[in-house]
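Beneath this line is the structure, given in structure tokens, with notes to follow.
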Amino acid sequence: MNFYQFVQTILFKLDPEKAHKLSLNCLQFLYRLGGSKIFNQPISPLTVMDLHFQNPIGLAAGLDKDADYIDGLAMLGFGFIEIGTVTPKPQPGNPTPRLFRLTESKAIINRMGFNSKGAEYVARRLEKTHYQGIMGINIGKNKETPLDHAIDDYIYGFRYLSPYAHYITINISSPNTEGLRNLQQEDFLVPLLSALKKEQAQLFLQQKKYVPLVVKISPDLTPDELLALPQIFLNQQIDGIIATNTTTTRTGIEHIALSEEIGGLSGAPLLPASTDVLAILHDALGDKIPIIASGGIMDTESGERKKRAGASLLQIYTGLIYRGPDLIHQLANLF
Ligand SMILES: Cc1cc2nc3c(=O)[nH]c(=O)nc-3n(C[C@H](O)[C@H](O)[C@H](O)COP(=O)(O)O)c2cc1C
């Protein structure tokens, strides 16, 4: 049993959300004690979206929603960190329990519902971090904002948080905010992307800073919806894609305890669907728009599958929970 397996045995006895907070607080405490000397930074540099990454392995959104633990997480060796989803105004998210471990399937179901301390809080946190690496900020809309005003929330998030970001991801694919995933349909998507691209251009004129715009998509799109995306992304000159968010399907885990909980499924069972989406997008786009793979990367084999399907960068969340920080180093060696 390695050190992480020992820590995991204790953490997995606790309620998942309590274990989450406890482990992140411990990590941040370790950082303050000078813990960065214990960990090596995997070096496997590459340039994507004109940004220079120390290595291609990133932390996926949702683990550090409010930028409270960046320095502790960076210490583990990530080549980039994506915080969020951040909503314009603070909101509590869904009632607990809202996070479930499906240990035998190496999976998680969550229905957090964008619990966020809001853009202003996150900006203050980002001013305090010592982290020098690539910072992605994932933005969303408040629950109370109707879909036909969603653009206002995304523009606000983009404008307010861009000064702190190397890239901004728009999350239009979380299953836990009612109607959010409709924003992936052409009628909503085109006006949203073109408004954000205008904002991006304006920001560049004013501040001489180009902040790439990345779109995070769902693995549950219909074939027609998915096939429409490459042309929309090319027309709008989107800078990057994250494929994918969590799924509402339960393929392969139908009879597992807790699988009937409502929410987004992540981890090992998500690998096939999210890799299919990645491969379809990469077939259509070639290298015109880089794709960041997210979904079920639990070991080097799944990391290799993503690379073969066309991923430029990888992001992990559930794999980190089940495998610990060694996974970052193992995956970085693949590139
Ligand atoms: C508890 C939890 C919370 C998440 N919250 C967010 C979020 O706020 N925004 C987002 O874009 N993705 C969120 N995700 C999705 C992850 O970023 C990732 O795309 C997904 O879990 C698939 O990767 P994985 O199989 O490596 O976990 C969340 C995932 C989990 C497990």
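Here are some notes:
- Listed by first and then second residue, the pairs with beta-carbon distance under 8 Å, at least 6 apart or on different chains, first residue in region 188-207 and among the small types (Gly, Ala, Ser), second assigned to a helix (DSSP H, G or I), are Ala195/Ile151; Ala195/Tyr154; Ala195/Ile155.
- Apart from one condition, Ile242 fits all of (1) β-branched (Val, Ile, Thr); (2) in contact with a Gly (Cβ under 8 Å, 6 or more places away or on another chain); (3) near the ligand (Cβ under 10 Å from one of its atoms); the exception is (2).
- Verdict on Gly286 being modelled with pLDDT of 95 or more and within 20 Å of Leu265 (Cβ to Cβ): no
- Residues of region 55-93 satisfying the condition of being acidic (Asp, Glu) and away from the ligand (no atom under 14 Å from the Cβ): Asp71
- For Gln184, the criteria (1) touching a strand residue (DSSP E or B) at 6+ places or on another chain (Cβ under 9 Å); (2) closer than 28 Å to Asp71 by Cβ hold in every case but one, which is (2).
- Test result for Ala309, open to solvent by 40 Å² or more (accessible area, probe 1.4 Å) and either in contact (Cβ under 8 Å) with a residue 60 or more places away in the chain or of a type in the set (Gly, Ala, Ser) (or both): no
- Pick from region 219-239, criterion of a type in the set (D, E, K, R) and in a helix (DSSP H, G or I), ranking: farthest from the ligand (Cβ to nearest atom): Asp224
- Residues of region 310-327 satisfying the condition of being under 19 Å from Ile292 (Cα atoms), in contact with an Asp or Glu (Cβ under 9 Å, 6 or more places away or on another chain) and within 12 Å of the ligand (Cβ to nearest atom): Gln315, Gly319, Leu327
- Applying the criterion of being crowded, with 19+ Cβ neighbours inside 10 Å and not aliphatic (A, V, I, L, M) to the residues of region 258-289, the residue that is farthest from the ligand (Cβ to nearest atom) is His282.
- When Leu126 is tested against (1) touching a residue at least 60 places away in the same chain (Cβ under 8 Å); (2) within 27 Å of Phe204 (Cβ to Cβ), just one condition goes unmet, and that condition is (1).
- Qualifying residues in region 212-228 (those that are in contact (Cβ under 8 Å) with a residue 24 or more places away in the chain and either basic (Lys, Arg) or out of contact with any strand residue (DSSP E or B) (no Cβ under 7 Å at 6 or more places or on another chain) (or both)) - the one farthest from Tyr154 (Cα to Cα): Leu227
- Top-ranked residue of region 290-306 - restricted to ones that are within 11 Å of the ligand (Cβ to nearest atom) and without any contact (Cβ under 8 Å) to a residue 40 or more places away in the chain, ranked as surrounded by the fewest Cβ atoms within 10 Å (Cβ to Cβ): Ser302
- Matching residues in region 94-133 - criterion: being open to solvent by less than 50 Å² (accessible area, probe 1.4 Å) and away from the ligand (no atom under 16 Å from the Cβ): Ala123, Leu126, Thr129, Tyr131, Gly133
The values are calculated or read from the model by the stated rules, or taken from the named source; none is laboratory data. As the structure is a computational prediction, the values presented were derived from the model and not from experiment. Cβ atoms come from the backbone with ideal geometry, glycine included; neighbour counts cover every protein chain shown. The area values use the complete protein model at the heavy-atom level, side chains included, leaving out ligands, DNA and RNA. Shrake-Rupley method; radii C 1.70, N 1.55, O 1.52, S 1.80 Å.
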